[in-house]
Amino acid sequence: LCSFLGLLYQEYRDKSTREEIETRRLQDSQTDPEETSPSEETPSEAEPTITIENKAPPQINLLRNSNSRFNLWQDLPEVQSSGVLSILQPDEIKLQEAMFELVTSEASYYKSLNLLVSHFMENERLKKILHQSEAHILFSNVLDVMAVSERFLLDLEQRVEENIVISDVCDIVYQHTVNHFSVYITYVSNQTYQERAYKQLLQDKPAFREVISQLEQDPKCKGLSFSSFLILPFQRITRLKLLVQNILKKVEEKSDRESTALDAHKELETVVKACNEGVRKMSRTEQMISIQKKLEFKIKSVPIISHSRWLLKQGELQQMNGPKTSRTLRTKKLFREIYLFLFNDLLVICRQIPGDKYQVFDSAPRGLLRVEELEDQGQSLANVFILRLLENADDREASYMLKASSQSEMKRWMISLAPNRRTKFVSFTSRLVDCPQIQCVHPYVAQQPDELSLELADVLNILDKTDDGWIFGERLHDQERGWFPSSMGEEILNPKIRAQNLKECFRVHKSDDSQRRKLGSRNRQ
């Protein structure tokens with residue numbers, strides 16, 4: 001099956017997500033919802049599944065069909081010649097395509113992993129340059145990951161070859177996720193070390209830099225970078241969850257296949273979360289140690305480092321001097337700089353002092369913070385908000401009038417300081433019929449802790465937006481929240497498509513009712 005697919009996984013994934021974007025654009029352009037055929041948008045779950053049992057199915061020997069370049073189930077010569085396309089309902093054909101994509105994408109992924117190992121890891125020149133410990137950090141347990149992918153792919157291929165109409169793939173996904181996919185957590189948790197080691201090697205070893213450059217230029221790599229191969233496992237485990245979601249949206253409701261897909265999705269979600277936590281844990285610990293060294297306490301000292309604490313946002317704001325009622329802002333001296341460190345459970349308020357240090361003069365538990373936006377008071381009070389500490393370091397209530405540098409910065413601080421505060425648009429988890437939505441058309445890498453990294457074709461609910469080009473969104477497939485530039489996406493204008501996206505999202509998460517009850521108040525952090 002690897003040879004049957006001409007694309008490396010990076011190319012396959014990019015092609016697949018771009019097709020997803022174009023499909024959604026096409027649906028969204030149907031301005032009159034009544035004109036849009038329901039079968040074009042969403043499968044009708046009521047249709048019965050037709051299985052071909054009486055015919056002896058032709059074998060689809062994908063491994064041996066090395067000259068083929070098809071990537072749709074219905075384009076398989078065996079499928080076309082069997083006559084099943086005239087028997088199956090359109091919804092069942094869509095389900096077959098969704099299951100087949102999971103198989104073909106795994107083949108493409110295995111092909112890319114194989115190239116990472118054979119072309120880079122096992123290169124003799126590279127082996128001589130790298131110390132054993134350096135090679136271990138750089139490639140981690142990629143051999144285990146590849147072995148797991150191979151075993152998974154063989155089981156998927158066997159299922160495809162059993163019957164021309166694929167019975168299910170999610171049962172196989174479930175078994176492999178439970179029994180084998182822990183290797184992904186090990187690999188992804190090493191990612192921070194891996195990135196750092198790679199940068200250091202490029203900087204310190206010209207010979208390493210030269211060999212990597214030469215290997216990247218080999219036609220086998222199709223112009224793709226070495227680092228794009230290194231991040232494959234994390235991209236794959238996340239994508240696999242989305243592929244199962246896609247199957248889940250197309251299976252019959254209350255069927256065995258729905259139950260299996262829900263089980264597989266739940267297990268994959270557990271692995272993806274563990275991967276995310278593994279990545280964050282190391283960088284968070286290092287960051288907390290760095291911050292602790294910079295803080296000097298004017299008040300009673302608060303221990304900063306804790307296993308359950310991490311930084312959400314830091315930065316400078318202008319504090320208004322004098323009483324809150326004094327609003328005759330004739331000079332800028334009424335404002336002075338303060339610096340905030342906001343953690344998931346604690347706020348510390350400081351003034352910057354010489355030597356890249358910060359003197360802490362107040363603090364409060366994050367749960368005891370309240371924010372209030374000032375009514376329009378003219379230009380001098382633009383982007384000003386009130387921060388109230390219900391119980392500060394002196395066990396008293398305290399208020400600060402704070403000015404941000406822009407509207408987006410003000411809103412970002414307000415949402416971070418008081419995450420349960422109502423946003424401009426209500427989250428989809430409140431089960432509203434409609435809510436603004438956006439689909440990502442340019443990938444985005446988060447630059448700050450309160451930002452959200454976006455992948456192509458991600459669909460998000462818009463919770464808030466600013467006049468200076470920022471959106472606070474909640475991604476539908478995992479409910480992660482954060483800010484990103486509005487230029488990264490295109491708003492979904494068709495209310496019918498938005499409603500369908502929400503319906504599918506609720507269906508995906510319906511197996512865990514307790515989780516859904518928590519979603520409304522869940523913050524990205």
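Observations on the model:
- Qualifying positions in segment 437-472 - under 21 Å from W310 (Cα atoms) and not aromatic (F, W, Y): V445, A446, Q447, Q448, P449, D450, E451, L452, S453
- Any chance V426 is aliphatic (A, V, I, L, M), surrounded by fewer than 21 Cβ atoms within 10 Å (Cβ to Cβ) and at pLDDT 90 or above: no
- When restricted to residues that are assigned to a helix (DSSP H, G or I) and either among the charged types (D, E, K, R) or touching a residue at least 40 places away in the same chain (Cβ under 8 Å) (or both), segment 152-180 contains 15.
- Of the candidates I137, I185, I172, I93, the single residue that is in the same structural domain as S213 (by the TED database) and touching a Phe, Trp or Tyr at 6+ places or on another chain (Cβ under 7 Å) is I137.
Residues are listed down the side, and each one gets a yes or a no for (1) assigned to a loop (DSSP other than H, G, I, E, B); (2) touching a residue at least 60 places away in the same chain (Cβ under 8 Å); (3) open to solvent by 50 Å² or more (accessible area, probe 1.4 Å); (4) touching a helix residue (DSSP H, G or I) at 6+ places or on another chain (Cβ under 9 Å):
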site	(1), (2), (3), (4)
H442	yes, no, yes, yes
D467	yes, yes, yes, yes
E474	no, no, no, yes
Q479	yes, no, no, yes
I497	no, yes, no, yes
K503	no, yes, yes, no
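- Segment 284-296: number of residues that are among the β-branched types (V, I, T) and either touching a strand residue (DSSP E or B) at 6+ places or on another chain (Cβ under 7 Å) or in contact (Cβ under 8 Å) with a residue 24 or more places away in the chain (or both): 1
- When residues of segment 287-340 are limited to those that are open to solvent by 80 Å² or more (accessible area, probe 1.4 Å), at pLDDT below 90 and part of a helix (DSSP H, G or I), the one farthest from R351 (Cα to Cα): K332
- Condition broken by W483, with the remaining ones in (1) closer than 22 Å to S29 by Cβ; (2) open to solvent by less than 20 Å² (accessible area, probe 1.4 Å) satisfied: (1)
- Considering the conditions (1) modelled with pLDDT of 75 or more; (2) surrounded by 12 or more Cβ atoms within 10 Å (Cβ to Cβ), P57 is excluded by exactly one of them, (1).
- Taken together, R280, R236 contain a single residue that is more than 25 Å from S16 (Cα to Cα) and within 19 Å of the chain's Cα centre (by Cα), which is R280.
The values are calculated or read from the model by the stated rules, or taken from the named source; none is laboratory data. Since we're looking at a predicted model, the values are computed, not measured. Ideal geometry is used to build each Cβ from the backbone, glycine not excepted, and the neighbour counts take in all protein chains shown. To get the accessible areas, we keep the full protein, side chains included, count just its heavy atoms, and leave off ligands, DNA and RNA. Shrake-Rupley method; radii C 1.70, N 1.55, O 1.52, S 1.80 Å.
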